[in-house]
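Peer 1: Provided herewith is a single structure, encoded as structure tokens, for subsequent inquiry.
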Amino acid sequence: MVRDGRTVEIPAERVVPGDLVLLETGDRVPADAVLIESHGLYVDESLLTGESVPVEKQTESGGRKSTNANEKNSQVYMGTIVTSGRGKAVVCSTGMMTEMGKIADMIQNIETEQTPLQKRLDSLGKYIAYGCLAICAIVTITGILRGEKLFTMFLSGISLAVAAVPEGLPAIVTISLALGVQRMYKRNALIRKLPAVETLGCASVICSDKTGTLTENKMTVRKIYTNGGFVEVKGSALSSEGEFISAKRKIDPKSSDSLRLSLEIGVLCNNASMVRLKEKRPLEKITSLIPRTEKWELSGDPTEAALLVVGAKGGCLQEALNESYIRIDELPFDSDRKCMSVICENDKGEVFVFTKGAADVIIEKCSKLYTSKGIADLNEAGVKRVLKANDGMANEALRVLGVAFKRLIRKITGIVMWKRTLCLQD
């Protein structure tokens, strides 16, 4: 943040309208703000809109102004995370006046409505109460007319009313709903509130706008197509431990040059970061014998973060590759090229171009195919084989990326566009 011409760091709760905020990759936006400067700025707004794809942010250049948070590309909102790029913004709203604050206020002011079962139970209770009063009155009056004592008949009426109240009804309803929760849990549905069982039982169709609403918005690499076959990747989205399975057998990624190179390209052609978390271990001598899993902190675009994780699973750690390769230049991803390219030089002085992007776009720029037997010409049969694998993974609702590389004969200082001169990873 900039105050009095100086860059300072202050707690988010001390931010006020008019402050100038500096945004970089991995930052969480502290308040609603209007952009005055943007350089490749992408923001993850899934917490606010449910959209899993990072949104590109640009300074306002005139035209129609929107009041919809989904359409304001010149504003950033509190609680969202910068996945890539940098920018400057002027704070316009804080606290409950932000879009996130308005949502919180709406949630707090929601009136709890009764479920159909609760309404029917209330109605049944009223009918029972009226019926008990009527019967008690009839019994009491009849007894008095027959010459019974008034006090005796009054007690008899009260006793009859108490006996007619169904005390076990609430317990029966609660037990029935609890059994419903148990049955739903066996079908992988976790119910937090008992009345939700009845509401969910009345639903036959659940409509959702996109998968981002139903998932955790954490991308994970599940399949890799290389050497003419598929390799399945096991493990979670935040763990560097996982197995690579090919033809139902566990394989070592480092034993396959094509697979290892694919992982390295995914890590090097990447702007996300993967940092090892340091654990406080006061009893190091005692706990050193206990196996533990490493914990990592990911920041940046979810897709690029997933490439870093699968690289770590295959032994291609970002921190190690950054020591072996130096990035010379970069051509960022854009919607027209549908790919991202970087120029890197390794510790041997060799210079490479690494590219990742849409598989159909990548293959148009390639003239060679990297196979288990080495580099071969990319013929029509090879193109069809790769595109068939691409379509097959797309039909499984997987997001598909292609990677390619080219070794440069001489060192250059700028990115140039290559057409059909890259080597595709098969």
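Peer 1: Just want to confirm a number: the relative contact order over the stretch 116-201, from Cα pairs under 8 angstrom separated by 6+ residues, in percent.
Peer 2: Values: 37 pairs, mean separation 19.1, N = 86.
About 22 percent, as a whole number.
Peer 1: Hey, if you put +1 on the Cβ of every Lys and Arg and -1 on every Asp and Glu Cβ in the chain, which of Val275, Ala171, Ile103 ends up farthest toward the positive end of that dipole?
Peer 2: Ala171
Peer 1: Let me ask something additional. As I understand it, the value is the acute angle between the Cα axis of helix 99-108 and the longest principal axis of the Cα atoms of the chain; what does it come to in degrees, rounded to 10?
Peer 2: Its long axis makes an angle of about 20 degrees.
Peer 1: Can you list the trypsin sites (Lys or Arg not before Pro) in the stretch 318-402 that are in a DSSP coil and have 10 or fewer other beta carbons within 10 angstrom? Numbers along the way, then the final one.
Peer 2: Values: sites: Arg327, Arg337, Lys338, Lys348, Lys356, Lys365, Lys368, Lys373, Lys384, Arg385, Lys388, Arg399; in loops: Arg337, Lys338, Lys348, Lys365, Lys373, Arg399.
For trypsin sites (Lys or Arg not before Pro) across the stretch 318-402 that sit outside H, G, I, E and B with at most 10 neighbouring Cβ atoms in 10 Å, the list reads Lys348, Lys373.
Peer 1: Sticking with this structure for a sec: Nearest 0.05, what FRET efficiency do Ile110 and Arg86 give at R0 = 30 Å with Cβ-Cβ as r?
Peer 2: 0.20
Peer 1: At most 14 other Cβ atoms within 10 Å and a DSSP loop assignment: could you name the trypsin sites (Lys or Arg not before Pro) in the stretch 146-189 that fit?
Peer 2: Details: sites: Arg146, Lys149, Arg183, Lys186, Arg187; in loops: Arg146, Lys149, Arg187.
Counting only loop positions with at most 14 other Cβ atoms within 10 Å, the trypsin sites (Lys or Arg not before Pro) in the stretch 146-189 are Arg146, Lys149, Arg187.
Peer 1: How many percent of the alpha carbon pairs in the stretch 116-201 exceed a separation of 22 Å?
Peer 2: 49 percent
Peer 1: Could you tell me which GluC sites (Glu not before Pro) in the stretch 5-41 are loop residues by DSSP with no more than 14 other beta carbons within 10 angstrom of their beta carbon? Spell out each step's value before the answer.
Peer 2: Details: sites: Glu9, Glu13, Glu24, Glu37; in loops: Glu9, Glu24.
Hits after loop and neighbour filter: Glu9, Glu24.
Peer 1: So for the chain, averaging the separation of alpha carbon pairs under 8 Å that are six or more residues apart and normalising by length, what relative contact order in percent results?
Peer 2: Across the chain, relative contact order equals 11 percent.
Peer 1: Calculate, for Ile103 and Arg146, the FRET efficiency according to 1/(1 + (r/R0)^6) with r their C-beta to C-beta distance and R0 56 Å; round to the nearest 0.05.
Peer 2: 0.25
Peer 1: Residue by residue through the stretch 380-394, which ³J(HN,Hα) values in whole Hz follow from phi under the Karplus form 6.51 cos²θ - 1.76 cosθ + 1.60 (θ = phi - 60°), with glycine and proline marked x?
Peer 2: Here the 3J(HN,Hα) series is 5, 5, x, 4, 5, 5, 5, 5, 5, 5, 4, 5, x, 6, 5 Hz.
Peer 1: Work out from phi, with θ = phi - 60° and the Karplus expression 6.51 cos²θ - 1.76 cosθ + 1.60, the ³J(HN,Hα) of each residue of the stretch 323-330, listed in order in whole Hz, and give x for Gly and Pro.
Peer 2: 7, 8, 10, 10, 6, 8, 7, 8
Peer 1: Nothing charged except the Cβ atoms of Lys and Arg (+1) and of Asp and Glu (-1): what's the magnitude of the dipole of the chain about its Cα centre? Round to the nearest 20 debye.
Peer 2: Values: 57 positive and 52 negative charges, 254 e Å.
That gives a dipole near 1220 debye.
Peer 1: Can I ask one more? Relative to 2.2 N^0.38 Å, what does the C-alpha radius of gyration of the stretch 325-367 come to as a ratio? Two decimals please.
Peer 2: Dividing the Cα Rg of the stretch 325-367 by 2.2 N^0.38 Å gives 1.26.
Peer 1: Another question, then. Positive end of the dipole of the chain, charges at C-beta (+1 Lys, Arg; -1 Asp, Glu), about the Cα centre: which of Leu124, Leu150, Ser204 has its Cα farthest in that direction?
Peer 2: Sorting the options by dipole projection puts first Ser204.
Peer 1: Additional query: Can you tell me which of Gln108, Gln118, Gln75 moves the most in a GNM of the chain? Springs connect C-alpha atoms under 10 Å apart.
Peer 2: Comparing Gln108, Gln118, Gln75 in a Gaussian network model of the chain, the most mobile one is Gln118.
Peer 1: Under a GNM of the chain (C-alpha, springs under 10 Å), which listed residue has the highest mean-square fluctuation: Ala12, Ala189, Ala31?
Peer 2: Result: Ala189 has the largest fluctuation of those listed.
Peer 1: Please state the charge dipole magnitude for the stretch 116-201, taken about the Cα centre, from unit charges on C-beta atoms (+1 on K and R, -1 on D and E), reported in debye and rounded to the nearest 20.
Peer 2: Dipole of the stretch 116-201, to the nearest 20 debye: 440 debye.
Peer 1: Springs between alpha-carbon atoms under 10 Å, Gaussian network over the chain: tell me which of Cys316, Cys207, Cys92 tops the mean-square fluctuations.
Peer 2: Cys207
Peer 1: In µm²/s, what is D for the chain at 25 °C and 0.890 mPa s, where D = kT/(6 pi eta Rh) by Stokes-Einstein and Rh is the Kirkwood radius from Cα pairs?
Peer 2: 90 µm²/s
We did not get these values from a lab; they are worked out from the coordinates using the rules stated. What you see is a predicted model, and the numbers here were worked out from it, not measured in a lab. Note: ideal-geometry Cβ built from the backbone for every residue, glycine included; neighbour counts use all protein chains shown.
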